[in-house]
Amino acid sequence: MALKEELRREQEAKQQLLDKVQQLAKKKKRKCFSAIDSLAEHIMMRREAHALVWRIIWHVFAEMSAAVPMKGMSEPHVPVRWPSMSKSPLAVLPLSLEAIPSDRLNSDLYTAVQQSPMFSKQPGSIVYPVENVEKNREVVFSCEAQASPPPFYRWKLNGTEIKPGSHYSLSGGNLRISHLNRDQDAGTYQCLASNPFGTIVSREASLTFAYLEHFKTQRRSSVSVREGQGVVLLCGPPPHSGGVMGEYEPKIEVQFPEVVHVAKGSTVKLECFALGNPVPSITWRRTDGVPFPRKVDMRKASGVLEIPYFQQEDAGTYECVAENSRGMNTVKGKLSFYAPPHLTDKPQDVQKLIDDSLVWECKATGKPKPSFRWMKNGENMEPTEATIITSQPNTLDVTVGESVVLPCQVNHDPSLELKFTWFFNEQLIHFGSHGGFFEKVGGQHSAGDIMIRNIQLRHAGKYTCAVQTKVDSISIAVDLVVRGPPSPPTSINVEEITDTTASLSWRPGPDNHSPITAYTIQARTPFSLGWQAVTTVPEVVGGHRLTATVIDLSPWVEYEFRVLASNSIGTGEPSKPSKQARTKGTSPKVTPANVSGGGGSRSELVITWEPVPEELQNGPGFGYVVAFRPNGAPGWMQAAVPSAEASRYVFKNESIQPFSPFQVKVGVYNNEGEGPFGPVTTIYSAEEEPGRAPTRVRAKSLSASEVEVLWKALPWNASKKRVLGYELKYWIKGEKEDTANLQRTVGNQTSTIIRGLKGSATYYITVRAYNTAGTGPPSSTVNVTTKKPPPSQPPVKVMWNTSNSKIIVNWEQVKALDNESEVTGYKVFYKKNRHSSPHIMETNTTSVELALPTDEDYIIQIKPFGEGGEGSSTRQITIPRIPGPNAVGSASKVSTLSALSTIALSFTARTSL
């Protein structure tokens, strides 16, 4: 209700100001705005409208813009001179208003618009060749932002801020990297642009280095192969970055003769060899579908098909199939049963008149069918035969991505040379171009077959094979139909849009010879990660529909839509995006999350929350309403925060008691209306720092580097001067207290240990309590002197021997220096191997007996200790596994510069009777 009353008063004041301005609209702009400024002061003296006067003035400016043109105005940043704000909670708003100097009100009004940074150019990823790095080259990442006042720029590499220098330098917002270092400079970069109104962070851009190392020089073993047999020699890539090895479909590298004549009872072998990545598999089959007889061992029939004891029923066409994940290729060969010719009808002697015709019949049987030659007086007669294309014209139907062979085989006079030419839609095909899709595969003199690999939709059409000799020519045409996923739909229109729905229409694209079965709708907003599938009515959009309604959209958000069509072959490419369309606004429904607060200065109540994301604000003019009251109070105090990005509100009043509980709730509103309040939470006002100092502070030295500090705790309660823990300040004698180190404890702890101190040094220590408001008064200063440092020399002359399951280790006594603490004992660390956890044994002598088995290697270290702590340790000493019953060994002089200890072993044989 309070907010509605403020809006009503705002409207009345706005109308009053507008009436006055309209009287001055035709006058000069300077006088007009001077009148506005005076009227604003008059309204404020009447204590009306309070903080809402700002919004009134702006809307009046907007309505009079037709009469008084204004340039560069922006509602949040037009400074106006106002009298002091009321102390009413409603007037406590995060607004900073300044007076406009009269000499800056020129004919274009006030054009110095203040704004937070906005990127006009962001960095992109870079792949840089390694060989250029060696030439002392450099790279530049681009970054540019618009802001007023102008922004200053920073850069981060892998999340760590970059310090400009000779290696990294800034030119405007651009980052220049000189003297590139492959290990130091590779990573992810981001640009940050800042001014007093905010900071923005660019997208991530990576810098990677591409390289290709040399092949390994190791010699490969030789490969043996039979003559005429195919073989594959593999070649793996050397170490590299910035590229991938390509895959391709099988390519059969052998062609069979048109017909192979095989004599009865003989053994025939067909070999097939194909290249491809991945390595293709090779299988065999008969084109007539007849299965192979048992005499053909299919387990061995991979690259070579062997048919023993060839018979009449084995004759036919055989096909080799090479296949991998990228595609398939085939080649055929025909086997003919062989039988020698036998004449059945022979020419007989005849007598004819001149100019008469003569027909002599000559018939013969044989497999294959015999060919005939005629001779006259012992010399060959050479008739000329017509060229005939034996392949039949037809229509081929294939799917996108497959490969197909277009046949062109002929019978011709063998004395004549053939020339094959192919045309696609009456345009000559130039083999070797066209992206490598077309390839000649006719391996025989009478075959001009071609293969089209990885067929695409654009390859559909009419193919013509033309055959030419020096005496005749002939051609044949083949129609190729290519089926594929549908082409993109067109004309995507948003017919109607509400706050949560959008009605779409579109036109279908070509179905590419396979009917469209369904449509999929996707949407994109400035807040989404790319294109996302959306919910529609109907839920499944069939191929016959050209309209659908998208539901469950967010209010007041700009959307783009696109449509994809599918058929039995697959889903096609998406359509072009529709024009951007914004859903209608509505009152907000989402309240801020994580409402909390506390802390701050004396007499303050600090309230914080997470701002509502822009896509959930449901309309323009979004802001927050902060309501609060002391625990037990009947009414709520409210404050409007008219900034969608705001996340904090501070209420200051001298009457607020320290650490007092308040009930707080945060609501939302926009130009469409008021939204709900979030749940009520309890927040405490700022507290006071502790008022007393800890007592009975004392300190004692534990070692050369450790001191224990003890004190008596202050009362631990939830009063207005809580104690959250204690802060220790310590500094070495001879230094100033300003250089002291700090160490804090948490909770009602009454002692702690300070570590990392210097040996034989005097330290001064104070203790004070702290809470969220700060620290209390310090205790009285105490001093303590640390013990002498531990021995710096490790044990030397380490000797050991084994006997059955025991290891006895001896070493020389360590003597402490004058400034070191005396040795009071030794610690022996032992373990079975480098990866197991060590066991520790303490002794005050210079020997130790370990009950360990002797069937494994052991690792031993020895370290002296005294009241100053542990001293230097020997290097790891390895006692090797001993095969015999007794062994004696020693470690050479243990040097801290040596990484290994040398073990000298001597074995003693023992004879038992």
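For segment 331-342, the criterion of a residue being of a type in the set (Lys, Arg) and either in a loop (DSSP other than H, G, I, E, B) or without any contact (Cβ under 8 Å) to a residue 12 or more places away in the chain (or both) is satisfied by no position. Quick one: would you say Glu735 is within 30 Å of Glu867 (Cβ to Cβ), open to solvent by 50 Å² or more (accessible area, probe 1.4 Å) and assigned to a loop (DSSP other than H, G, I, E, B)? So Glu735 passes the test. Looking only at residues in segment 769-799 that are of a type in the set (S, T, N, Q) and out of contact with any strand residue (DSSP E or B) (no Cβ under 6 Å at 6 or more places or on another chain), the one that is modelled with the highest pLDDT is Ser780. Within segment 410-462, if we keep just the residues that are on the phi > 0 side of the Ramachandran plot and among the polar types (S, T, N, Q), the residue that is surrounded by the most Cβ atoms within 10 Å (Cβ to Cβ) turns out to be Asn454. Can you find a residue that is under 35 Å from the mean Cα position of the chain (by Cα) and open to solvent by 40 Å² or more (accessible area, probe 1.4 Å) anywhere in segment 622-642? No, because not a single residue in segment 622-642 is under 35 Å from the mean Cα position of the chain (by Cα) and open to solvent by 40 Å² or more (accessible area, probe 1.4 Å). For segment 260-275, the criterion of a residue being modelled with pLDDT under 85, open to solvent by 40 Å² or more (accessible area, probe 1.4 Å) and of a type in the set (Asp, Glu) is satisfied by no position.
One residue stands out in segment 149-170 among those that are polar (S, T, N, Q) and free of Cβ contacts under 8 Å to residues at least 24 places away in the same chain: the one that is surrounded by the most Cβ atoms within 10 Å (Cβ to Cβ), namely Ser169.
Assessment of segment 185-206 against the conditions (farther than 30 Å from Gly316 by Cα, modelled with pLDDT of 85 or more and touching a Lys or Arg at 6+ places or on another chain (Cβ under 6 Å)) yields at least one matching residue. For segment 489-499, state whether one or more residues are surrounded by 14 or more Cβ atoms within 10 Å (Cβ to Cβ) and closer than 26 Å to Thr399 by Cβ. Yes, that holds for at least one residue.
Can you tell me which residue within segment 758-806, out of those that are open to solvent by less than 20 Å² (accessible area, probe 1.4 Å) and among the hydrophobic types (A, V, I, L, M, F, W, C), is nearest to Ser821 (Cα to Cα)? The extreme case among them is Ala761. Looking at segment 267-310, the strands (runs of 3 or more DSSP E) lying wholly inside it that each contain 1 or more residues that are more than 13 Å from Gly333 (Cβ to Cβ) sit at 274-277, 281-286, 304-307. Of all the numbered requirements in (1) modelled with pLDDT under 75; (2) open to solvent by 10 Å² or more (accessible area, probe 1.4 Å), Glu870 misses one, and that requirement is (1). The numbered conditions (1) open to solvent by 20 Å² or more (accessible area, probe 1.4 Å); (2) closer than 28 Å to Pro588 by Cβ are all true for Gly678 except (1).
Taking segment 557-571 as the range and being buried (at least 19 other Cβ atoms within 10 Å of the Cβ) and either at pLDDT below 95 or more than 30 Å from the chain's Cα centre (by Cα) (or both) as the test, only Asn567 passes. Within segment 603-621, which residues are out of contact with any strand residue (DSSP E or B) (no Cβ under 7 Å at 6 or more places or on another chain), surrounded by 15 or more Cβ atoms within 10 Å (Cβ to Cβ) and not acidic (Asp, Glu)? Across segment 603-621, the qualifying residues are Pro611, Leu616.
Restricting attention to segment 349-367, which residues are at pLDDT below 80 and in contact with a strand residue (DSSP E or B) (Cβ under 8 Å, 6 or more places away or on another chain)? If the condition is that a residue be at pLDDT below 80 and in contact with a strand residue (DSSP E or B) (Cβ under 8 Å, 6 or more places away or on another chain), then Thr365, Gly366, Lys367 are the ones that fit. Checking the condition aliphatic (A, V, I, L, M), open to solvent by 30 Å² or more (accessible area, probe 1.4 Å) and within 16 Å of Val697 (Cβ to Cβ), which residue from Leu724, Leu742, Leu714, Leu728 passes? Of the residues listed, the single one that is aliphatic (A, V, I, L, M), open to solvent by 30 Å² or more (accessible area, probe 1.4 Å) and within 16 Å of Val697 (Cβ to Cβ) is Leu742. Could we say that Lys352 is among the charged types (D, E, K, R), more than 60 Å from the chain's Cα centre (by Cα), assigned to a loop (DSSP other than H, G, I, E, B) and closer than 30 Å to Lys269 by Cβ here? No; evaluated as a whole, the condition is false for this residue. Total residues in segment 518-548 satisfying the condition of being outside any loop (DSSP other than H, G, I, E, B), touching a residue at least 40 places away in the same chain (Cβ under 8 Å) and either touching a helix residue (DSSP H, G or I) at 6+ places or on another chain (Cβ under 9 Å) or open to solvent by less than 40 Å² (accessible area, probe 1.4 Å) (or both): the figure is 5.
Scanning segment 177-201 for residues being farther than 15 Å from Ile162 by Cα and either crowded, with 18+ Cβ neighbours inside 10 Å or β-branched (Val, Ile, Thr) (or both) gives a total of 3.
For the condition open to solvent by 40 Å² or more (accessible area, probe 1.4 Å), among the acidic types (Asp, Glu), within 30 Å of Thr500 (Cβ to Cβ) and not in a strand (DSSP E or B), Glu645 qualifies.
Here Leu897 meets each of (1) within 30 Å of Ser760 (Cβ to Cβ); (2) surrounded by 12 or more Cβ atoms within 10 Å (Cβ to Cβ); (3) modelled with pLDDT under 80 with one exception, condition (2). Taking the conditions exactly as written (in contact with a strand residue (DSSP E or B) (Cβ under 9 Å, 6 or more places away or on another chain), part of a loop (DSSP other than H, G, I, E, B) and farther than 22 Å from Thr781 by Cα), does Ala693 satisfy them or not? For Ala693, the condition - in contact with a strand residue (DSSP E or B) (Cβ under 9 Å, 6 or more places away or on another chain), part of a loop (DSSP other than H, G, I, E, B) and farther than 22 Å from Thr781 by Cα - is not met. Residues of segment 830-861 that are more than 50 Å from the chain's Cα centre (by Cα) and outside any loop (DSSP other than H, G, I, E, B): Met841, Glu842, Thr843, Ser847, Val848, Glu849, Leu850, Ala851.
The values are calculated or read from the model by the stated rules, or taken from the named source; none is laboratory data. In this text, all values refer to a predicted model and were calculated from it rather than measured experimentally. Using ideal geometry, Cβ is built from the backbone for each residue, glycine included, and neighbour counts are taken over all protein chains shown. For the accessible areas, the whole protein counts, side chains as well, though only heavy atoms, and no ligand, DNA or RNA atoms are used. Shrake-Rupley method; radii C 1.70, N 1.55, O 1.52, S 1.80 Å.
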